[in-house]
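Report on the following structure.
Every number here is computed from the coordinates shown, using simple stated rules; none is lab data. Predicted, not measured: the structure shown is a model, and the values here were computed from it.
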Amino acid sequence: MLDRLRPATGPRRAGPGRPGFVTPSGAEGRVERLRALVAPRVTAVRTGAAAAVSVVSPFGRAVLLGVVAAWWAGLVLSWVELLAVATVATVVTLAAIAFVRGTFRYTVNLDLGQRRVTVGDRAVGTLEVSNQSQRPLLPAVMELPVGAGLATFPVPRLRTGATHEEIFTIPTHRRSVIPVGPVRSVRADPLGLLRRQVVWTEPEELYVHPRTKNLTGSSTGFLRDLEGRVTQDISNSDVSFHALRDYVPGDDRRHIHWKTTARTGQLMVRQFEETRRSHLAVVLSTRAEDYGHPDEFELAVSSCGSLGLQAIKEDRGLTVLVNDGSLRGDNRVRLLDDLARIEARPLRTNLIDLARVAAASVTDASVVALVVGSVVSPTELRAASARLPQDVRVMAIQCIPGAKVSRHRIAELVVLTIGELGDLPLALRRLDD
């Protein structure tokens, strides 16, 4: 009987815990529980403090420090005048808070109309601000970064459901990719102590494409080279007939020349010269040292774009190489987008290095066009041409604004000089003179 009443002395088993929850024990457990309780509150306080600090302008921070210092010095030194200054500054600060407080409940729509324009074209955008809240909204200012500039639009007091629209123009006098936005609303006090802003849209890009020239019907020699070149490589099937040879097992019977076979009494098959598929490689130097003036580079970019668009229009193969890599030549829009983005800058790689890359990477090219500025010497042009395969037609287009159209040779290289984009069709017609 006593044995049955004696308490068990073995180890006790802990009761079942909550699924997915480990119950800490001892001092370590108390620390973990305290951390779990405090962490969300600390995060909330930190976020709120960061938001509050971001509203205060640099001038506002200086004023707040001055207010604190004035109150402290006035109370410690019993300086009545300083206390009066501190009181006035405190009232001004509270008034500034009243200017920026409140909620923004705008619906903002940014419409660029056209995201791609040509240099000099009119680019117009629309900014539409609506009040979708249940109460009127106080006046505010909308800021719109455009490139390196900043456009500001005052928004009046908006009643519920009211809409305010602003139309703006973006300058397109030079080729570039212009970032537009994001649109942000701004409220600030008259003294500039506090500035509160809210971002409403994502940034967008406006592509300002280079000017190009239509080369259809004005570049006969150039297009003839793009039709494809007969090489010295022998092929069993192509369009350029070369000779007849004896039949060997495995030859395509469709190429048997039956008349010769009947005359000689032995099977004879046609043999062809391989025709290279038409492919244009445009090598555009983006090395700033190759150009004497920024206008030269812009003319070179426009010439490159004109050649590329003509090749795409004629459904030819196209590769555009620059010092930093290659541009997308499979589509006219993508090519112009890439041309809008490139810039001339100081580089170590010169035209000769770029020609070496072209020879290695564009092995199927039938024509290579070197597009350069006035600073590139004849020696450099000849050396760059020598780096390219001998069975490829190579020409150079030297862009010198104001120069007359001319054509001259450097060994086997034909150099065309143009002074403006309109000269390019005429220069290409003189390619085979």
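Show me the three semi-axes of the equivalent ellipsoid for segment 51-178, from the C-alpha gyration tensor (sqrt of 5 times each eigenvalue), largest first, rounded to whole Å.
Working: eigenvalues 378, 87, 18 Å².
For segment 51-178, the semi-axes come out at 43, 21, 10 Å.
Quick one: which residues, 5 or more positions from residue 118 or on another chain, have an amide H under 5 Å from its amide H? H modelled 1.01 Å from N in the peptide plane, none for Pro or chain starts.
Under 5 Å from the amide H of residue 118 lie the amide H atoms of 209, each far enough along the sequence or on another chain.
Give, in whole angstrom and from largest to smallest, the semi-axes √(5λ) of the equivalent ellipsoid of segment 279-429, with λ running over the eigenvalues of the Cα gyration tensor.
Details: eigenvalues 72, 63, 53 Å².
Semi-axis lengths for segment 279-429 are 19, 18, 16 Å.
Just tell me which lysines come within less than 30 Å, Cα to Cα, of residue 404; anything on the same chain fewer than 8 places away is out.
213, 313
When you have a sec, figure out the Kirkwood radius of segment 100-160 from all distinct Cα pair distances and drop it here in Å to one decimal? Walk me through the intermediate numbers first.
Numbers: mean 1/r = 0.0736 Å⁻¹.
Result for segment 100-160, one decimal place: 13.6 Å.
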